[in-house]
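Notes for the one structure printed next.
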Ligand SMILES: [Zn+2]
């Protein structure tokens, strides 16, 4: 088990007890994530398939619905361009295909490039 912290005092306690610790030196979340992945010997993250299966908030399963089946306030331009929505079975959050998967994959690309350096 690896204890990841930004707390220097906690990190020193962990180090003295011969447990595995990682002190994150930076406020930059991307740099910190890269440090954690490198420490765990993870050299690549696979992109997210463009299939909505799990809620990013609660990990509940997503149910595919016609866009007319929700009262969720979808922006008008988005509503016009989609036919399907995905609704979380646990927390009822509504998703549609497009930007969020694209943004996650852009973030993963950024991380993978940093991991290759
Ligand atoms: Zn959910």
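Below, the figures for the structure above:
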item	result
Residue check, residue 102 in a loop (DSSP other than H, G, I, E, B), away from the ligand (no atom under 12 Å from the Cβ) and under 30 Å from residue 32 (Cα atoms)	no
Residue 108 vs. criteria touching a residue at least 24 places away in the same chain (Cβ under 8 Å) and within 16 Å of the ligand (Cβ to nearest atom)	no
Number of the condition not met by residue 113 [criteria: (1) touching a strand residue (DSSP E or B) at 6+ places or on another chain (Cβ under 9 Å); (2) more than 16 Å from the ligand (Cβ to nearest atom); (3) modelled with pLDDT of 90 or more]	(1)
Matching residues in region 46-72 - criterion: being in contact with a helix residue (DSSP H, G or I) (Cβ under 9 Å, 6 or more places away or on another chain) and farther than 28 Å from residue 111 by Cβ	67
Lone qualifier among 41, 46, 32, 50 - being closer than 30 Å to residue 117 by Cα and at pLDDT below 90	50
Residue match in region 82-98 (condition: buried (at least 16 other Cβ atoms within 10 Å of the Cβ), at pLDDT below 85 and within 14 Å of the ligand (Cβ to nearest atom))	no
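Residue-wise test of (1) surrounded by fewer than 13 Cβ atoms within 10 Å (Cβ to Cβ); (2) over 19 Å from residue 98 (Cα atoms); (3) within 16 Å of the ligand (Cβ to nearest atom); (4) without any contact (Cβ under 8 Å) to a residue 24 or more places away in the chain.
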{"site": "14", "(1), (2), (3), (4)": "no, yes, no, yes"}
{"site": "17", "(1), (2), (3), (4)": "yes, yes, no, yes"}
{"site": "21", "(1), (2), (3), (4)": "no, yes, no, yes"}
{"site": "34", "(1), (2), (3), (4)": "no, yes, no, no"}
{"site": "40", "(1), (2), (3), (4)": "yes, yes, no, no"}
{"site": "46", "(1), (2), (3), (4)": "yes, no, no, no"}
{"site": "57", "(1), (2), (3), (4)": "yes, no, yes, no"}
{"site": "71", "(1), (2), (3), (4)": "yes, yes, no, yes"}
{"site": "79", "(1), (2), (3), (4)": "no, no, no, yes"}
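The values are calculated or read from the model by the stated rules, or taken from the named source; none is laboratory data. Because the structure is a prediction, the values reported are computed rather than measured. All Cβ positions, even for glycine, are placed from backbone atoms using ideal geometry, and neighbour counts span all protein chains on display.
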